[in-house]
Amino acid sequence: MNGFSDVEEFKKIIQKSNGKVEVRVRNWYAKVAQTTKVKKSENVVYGMVSGASLTMDIYKPENPNMIGIIIIPGTAFGYAYTSDYGQLSMTENFARDTEYLGKYAKALVDKGYTIFVINHRLAPQFHYPDILADCQRAVRFIRFNSKKYEINPDNIGALGYSSGATLCSMLGVTDLATDANKLVLDALSSKVQTVVALAARFDLTDFNKPEDSGIQNPIISRVLLNYVGELPMVENGTYALKGKYAEASPITHVDKTDASFLIYCSYDDPLVPQRQANTMYKKLLDNGIEAKLNVSQNEKHNPIADVSEIDNWFLKHLKK
């Protein structure tokens, strides 16, 4: 519906993979009345790097509530993607996802939010800070074109999952230096005003501890090596939050000027220890930042979020 799920495309993929498979489409459920008309603008270019376009997909409801939300899907910073010419874009994967992040995003569009789903450069071909810089550029582009997209440029939110949640968190606690001598776009802030983070990693060095799941060792080390370009420094037998790992970790940047945070995590997440959310939550509160922490019990790396709570959170922190 509205580009979030394409049944016919799914049918083509199945039949192309195996022509012997017959795909039948059945209307198992009563058709839900569509209350919101949505305009989808695909592959909108928000920047250029070395001749390559950075793009986003924009979902704009017929009656927008003037609030813009940047959405960054999870990719393990690129670990989950093959580096070939058949590689799907992040926005294409997102459009097919109706079970998790896509579900929440569609609900927000139905409530009147305009959402901007971005592609960014992927590791291991690119590393921090280039990947974060793409996300910051996207915020500036959205802010610069706020009148066109009918949103308030002074109050922009971010919603992300997994690595996307880590990047969204960085958008809430860091800001690019502005330069009035350059293009007007470069003189704008790249900081968002509130963040909803699903299964985020806030401290990039906090992994592979004795109490952690065994799955972390081979996966997380490779994901972070790809993203940062190096492994963390070791001090007294443990990883030290220093150097590029400190720069790339949201928790090291928190101060009293930062965005508010709504954090969702799962107690049994095998990839991101739940203690990370606890530590970030405490750091935010210690700095006088409004924050809320929700912990799922048995959802692993897919903590269950409450759409009504997200809606109320965005309205509280962005509606002016």
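The values are calculated or read from the model by the stated rules, or taken from the named source; none is laboratory data. Since we're looking at a predicted model, the values are computed, not measured. Here the Cβ positions follow ideal geometry from the backbone for every residue, glycine too, while neighbour counts run over all protein chains shown.
Data table
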| quantity | calculated |
| --- | --- |
| Subset of segment 270-285 (residues that are of a type outside the set (A, V, I, L, M), closer than 21 Å to Ser221 by Cα and surrounded by 19 or more Cβ atoms within 10 Å (Cβ to Cβ)) | Pro273, Gln276 |
| Qualifying positions in segment 163-179 - out of contact with any helix residue (DSSP H, G or I) (no Cβ under 7 Å at 6 or more places or on another chain) and either at positive phi or at pLDDT 95 or above (or both) | Gly164, Ala165, Cys168, Gly172, Asp175 |
| Test: residue in segment 260-268 that is within 13 Å of Val173 (Cα to Cα) and either in a helix (DSSP H, G or I) or in contact with a strand residue (DSSP E or B) (Cβ under 7 Å, 6 or more places away or on another chain) (or both) | yes |
| Hits in segment 180-198 (condition: under 30 Å from Tyr104 (Cβ atoms) and either at pLDDT 95 or above or not in a helix (DSSP H, G or I) (or both)) | Leu188, Ser189, Ser190, Lys191, Val192, Gln193, Thr194, Val195, Val196, Ala197, Leu198 |
| Test result for Lys256, assigned to a loop (DSSP other than H, G, I, E, B) and either modelled with pLDDT of 95 or more or under 20 Å from the mean Cα position of the chain (by Cα) (or both) | yes |
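This table checks each residue for (1) touching a strand residue (DSSP E or B) at 6+ places or on another chain (Cβ under 6 Å); (2) surrounded by 15 or more Cβ atoms within 10 Å (Cβ to Cβ).
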| position | (1), (2) |
| --- | --- |
| Glu62 | no, no |
| Ile69 | yes, yes |
| Thr91 | yes, yes |
| Asp97 | no, yes |
| Ala105 | yes, yes |
| Val109 | yes, yes |
